Every structure is written in structure tokens, then in C-alpha cells.
Amino acid sequence: MTGRVFSIEEFSIFDGDGIRTTVFLKGCPLRCEWCHSPEGQSRKIEYLRSPNGCLCCGKCLDAGEKWTGRRVLCEKSVEVCPRNLVRVSGEDYTPKRLTEKLLKNADILNAGGGGVTFSGGEPLMQHEFLFEMLKALKGKLNRAVQTTGFTDGDTFEKILSETDLILYDLKLMDSALHKKYTGVGNELILSNYKRLASSGIRFITRVPLIPGVSDTDDNLEALCAFLDSNAVKYVELLPYNKYAGSKYKLCGREYRPSFDENREINSGWEKFKKHGIKAVKL
């Protein structure tokens, strides 16, 4: 068994308690318009090229044509770029190899009350590999999973059984709007959230504030009511990052959100306060 990883970030302080190592697993069933990790959407290995400093010499594409028959980036493109602007996104790990890598910093992570966080993409897209990793790290590192919750109930409960902390994204409460902006409805997500809220597992709710999308009064009011119904009194707010589109050029794609990026974000402080919910902006 192997899992496909597109990034491992050490000494993170935003993905759970303390200092953490965050493992980004490749693949996501959602296509959020504001996604700032487009290289994590596909399960396939991809080759990214930075446009900054590119000589436009064509050597990377020549290599692709020679080795694949198409003028695309490939493994050989990484080797021939004279300015090292081409890199691979996606590396396969066995549970044993990744566990050994993560445990090298165990003393530092444990001393700071930290651990490891599995993110993505959507880590539950590789739920079998994720489950093996969580089991391997049990009792050695605090284990957190950052998820959209878009998976079947049995898989979700299986992952919960081996997790110390869940970071759970809630975006839009109206399923039609959720599908419009993320590509999927929210029924599974809300159902699994209810499972989580009654599970006894520690979790943190995270809400991306997207201008004119998730920060509307209607959505925030519906969100607060949903949180109330699940006895949740704490959320973390993630304001839209205007630099979200910067990575798309690396992937050879254009970033064209349908919402107004420059619109002022509504944090909804009064709504959260009215419902007795503590909201913290990250």
C-alpha cells in the first residue's frame, strides 16, 4: 500500500495544537472556486512550472515530446530545465517510510504539545492509507485530520476511531449553492458533522469566509443555527486569501473565480455573538 503526498510542511502552527508537521495528501472530490492548492486536487502526479524567470527555451516541452509523444511536462522536464523551474507534485510513500520520516521530529513536536496533521486535498480520498498512518502513529504523536467531511459515514467513523483531533470545514449551508461553488452538495458533509459532534472526539470547526459567497448574512445565520443545534460554541474563521490564484499558473491553469475578490469580507461577528459562539479569525 502507498499514499500519494504533494507536500510535507514542518513546524506549522495553524493546523492544530502546538507545533506540527502537516502532510498534504493528493486528491480532492471538491472543486472549491477559492482553492489555494490546485496541485492537490488531482490524484495524479503533476509537473509544475514556475513562469518567473523562465527562458522560454522549450527544453521542458521538447523532453515531454521525446518521452511521451506529446508536448507536455514530464519527469525528464525536471532534469532538463536550465533554471530548475519545473518540479514534480506527488510522491508515493509506504506507511512505514512516511511514519519513519514523521517520527524524526517526534521529540520536538511532543515537547511543544504538537503532532502531525493530515490535510489535502481531501485526506479521506486516501482513507485506507490514512487509516494505516493514524494507527502507526498512535501513542507516538498527536494525530489530527483536516477534512471537508465529504465521504461515506462508515469511512468517516473508521477514521474517527483513530484520530485525536478533527479540523472540519463548513462552507455553505444551502446545498444548491454548495454545489455551485464547490462542485458537490453538502448533505454528506452535514451528516458527518452531526456524527462528529456526537462522537466525543475533539474537533474544531473552520469556516472559510469567501466574499459574497460564504460570508453572506443568510449563510452565516444558517450556519450559526446549525452550530447551535449541535451544541458547538467555538469556530475558527478563515478569511479569503487574495493570493489563492497564484499557484494556478504553476499548474498551467487560469484562476477565474465567479465572485468579486475585492469585495469587503463580512466576518459576521454579531451573528456569532448572538448565538453565543466564540469566533476566532486566523
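No lab work stands behind these numbers, since they all come straight from the coordinates. Keep in mind the model is a prediction, meaning the values are calculated, not measured. FYI the Cβ positions are ideal-geometry reconstructions off the backbone, even for glycines, and counts take in every protein chain you see.
Roughly what % of Cα-Cα distances in the stretch 48-88 sit above 14 Å, to the whole percent? Summing the P(r) tail past 14 Å for the stretch 48-88 gives 33 percent. Annotation for the stretch 7-53 versus the stretch 100-169: alpha-carbon center distance of 15 Å. Considering only T155, T68, T163, the Gaussian network model of the chain with Cα springs below 10 Å gives its largest mean-square fluctuation to T68.
In plain terms, the residue of Y255, Y47 with the fewest other Cβ atoms within 10 Å comes first and the most crowded comes last, giving Y255, Y47. Of the labelled figures [x] 1, 6, 12, 17, 20, 17, 13, 8, 3, 1, 0; [y] 1, 5, 10, 12, 13, 12, 11, 9, 8, 6, 5, 4, 2, 2, 1, 0, 0, 0; [z] 1, 5, 11, 15, 16, 16, 14, 10, 7, 3, 2, 1, 0, only one reflects P(r) over Cα pairs in 5 Å bins from 0, in percent as derived from the coordinates, namely [z]. When each of V145, V72, V280, V213 is scored by the number of other beta-carbon atoms lying within 10 Å, the sequence from fewest to most is V280, V72, V213, V145.
Candidates V78, G153, Y47 compared by Cα position along the dipole of the stretch 41-197: farthest toward the positive end lies V78, with charges placed on Cβ.
Normalised by the number of residues in the chain, the mean separation of alpha-carbon contacts (under 8 Å, six or more apart) gives a relative contact order of 19 percent.
Reducing the stretch 179-207 and the stretch 66-95 to their Cα centroids gives an inter-centroid distance of 36 Å. Under the combined filter of DSSP loop state and at most 16 neighbouring Cβ atoms within 10 Å, the stretch 173-282 retains these GluC sites (Glu not before Pro): E254, E261, E264. For the chain, what does the helix formula give at 222 nm: sum of -39500 (n - 2.57) over DSSP H segments with n ≥ 4, over the residue count, nearest 500 deg cm²/dmol? So the helix-based figure for the chain works out to -8500 deg cm²/dmol.
Placing unit charges on the Cβ atoms of the charged side chains and taking the dipole of the chain about its Cα centre, the candidate lying farthest along the positive direction among N266, S119, I210 is S119. Of the beta bridges in the chain, as assigned by DSSP with both residues counted there, near 30 percent are antiparallel. For H275, the shell of other residues with beta-carbons less than 11 Å away shows a net charge of +2, using +1 for Lys and Arg and -1 for Asp and Glu. Using C-alpha pairs under 8 Å with a sequence gap of at least 6, the mean separation divided by the residue count of the stretch 148-282 gives a relative contact order of 26 percent. Working from the alpha-carbon coordinates of the stretch 151-193, get Rg over Rh, Rh being the Kirkwood radius. Answer for the stretch 151-193: 1.03.
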